[in-house]
Structure formats: C-alpha cells, structure tokens
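Every read-out reported here was derived from the displayed coordinates using simple, explicitly stated rules and does not represent laboratory data. This structure is a prediction, so every number in the text was calculated from the model and none was measured. Here the Cβ positions follow ideal geometry from the backbone for every residue, glycine too, while neighbour counts run over all protein chains shown.
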Amino acid sequence: MNNYEVMFIIKSTLEEEKKEAVIETVKGIIEHDGGEIAKVDVWGMKKLAYPIQKMNEGYYVVVEFAAKPELPHELDRRLKISDNVIRHMIINKDEK
C-alpha cells in the first residue's frame, strides 16, 4: 500500500453539518476500498488565491491515508462529480 494525501476545498456556503457529511463521505470512500486513514486535518475557512465559481473563500480539509494504487483514481473520479467540492488534489507521498 502507498501513502497518499488528498486536499480538497468544500464550498463555503454549506452548513456545518453538510461540510462534515462531505468529509465523512471522503473518509467512507477511502475505507470502503480498503484504505487506512492516518490523519484528518481540517484547516477551516481560508481565502482562495483567486475566485473559483464566483467564491472567494473555501473550507479546506487534508486527509492522509494509505491505500492500493487503484484507490486514488476512484477518489479523484468521485470528487470531480461532487457538487460540494470545488477543488481537490491527490498526491502520492511515497514518490520523490
């Protein structure tokens, strides 16, 4: 299993419960496919470097996890179609 990190930005207009639901959904995707979550770091509301979808702020979350190489592709696909996630990035922490 490889070590990965996913950083995603949730829409700032969502209620707190819906933000938590998005985080739980991402954690569920990782755990469902055999991944192990090492750390969830919620950065909270931050100003975006540039407007995205006419928004100037976003709710940042970073999740570190270990998984098989196929999992990031599925996670990427699911985050792309999510209406509540405005940006995301998955990196392999093992690659140098």
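Overview of values
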item: Among (1) in a strand (DSSP E or B); (2) over 10 Å from the mean Cα position of the chain (by Cα); (3) not aromatic (F, W, Y), the one test that P69 misses; result: (1)
item: Selection count, segment 20-35, where residues are loosely packed, with under 12 Cβ neighbours inside 10 Å and touching a residue at least 12 places away in the same chain (Cβ under 8 Å); result: 0
item: Of residues in segment 67-96 being aliphatic (A, V, I, L, M) and within 26 Å of T13 (Cα to Cα), the one surrounded by the most Cβ atoms within 10 Å (Cβ to Cβ); result: L75
item: Lone unmet requirement of (1) part of a strand (DSSP E or B); (2) exposed (fewer than 14 other Cβ atoms within 10 Å of the Cβ) for Y4; result: (2)
item: Whichever residue in segment 44-65 is among the charged types (D, E, K, R) and touching a Lys or Arg at 6+ places or on another chain (Cβ under 8 Å) and, among such residues, is farthest from N92 (Cα to Cα); result: E57
